[in-house]
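A short write-up of the structure that comes next.
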């Protein structure tokens, strides 16, 4: 790989990191109930996978410690956005489910964030988003497949 290519790759990752920082800040300003982006991401993940999961799987997915994920899920539980059940086959394993309230809060949060984004969206077309999506999806997928945990 050429040094020029490495510079472009680094620049792309720098831009992605800045977009992440700015969008996380915007999201957190839109979240109700004093929620943090990490909590919103867990709700979104539960909606995306469409089924219950375990704290250990969530920790692995988000590349955080089990303790950090326990803290996040305890906050969501206190807000009644998730509920936790023991696995009937193995009582040591807990299953995490999103509640209807959790789904509603997630949808409200997305709507509020999109409203906050409206000044930015005036300068970027849907075609720009559509064209960026395949590259970003491939980058995310390749990074996900090659993560070291």
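What to note about this one:
- The range 105-149 and the range 31-52: distance between their alpha carbon centers, rounded to Å: 16 Å
- Taking 0.36 nm per residue of separation and subtracting the current Cα-Cα distance, fully stretching the chain between residue 103 and residue 142 would add 11.2 nm.
- Sequence ranges 43-50, 136-143, 67-74, ranked by mean other-Cβ count within 10 angstrom, highest first: 67-74, 43-50, 136-143
- Most to least packed among 113-124, 21-32 [average Cβ atoms within 10 Å]: 21-32, 113-124
- Cα gyration tensor, the range 18-67 - rounded (a/c under 1.5), prolate or oblate: prolate
- Helix 37-49 and the longest principal axis of the C-alpha atoms of the chain enclose an angle of approximately 80°.
- Per-peptide packing, taken as the mean over residues of other Cβ atoms within 10 Å, places 34-41, 1-8 in the sequence 34-41, 1-8 from highest down.
- In this rough spin-label picture, where each label sits 7 Å from Cα along the Cβ direction, the residue 17-residue 126 distance is 3.4 nm.
- Angle between the chain longest axis and helix 126-145 axis [Cα atoms, degrees, rounded to 10]: 60 degrees
- Average Cα contact separation per residue, the chain, under 8 Å, 6 or more apart, as relative contact order %: 22 percent
- The angle between the Cα long axis of helix 66-78 and the main principal axis of the chain comes to about 70°, on a 0 to 90 degree scale.
Since every read-out is calculated from the coordinates, none of them should be taken as a lab result. Just so it is clear, the model here is predicted, and its values are computed rather than measured. Please note: Cβ atoms are built from the backbone with ideal geometry, for glycine as well, and neighbour counts cover all protein chains shown.
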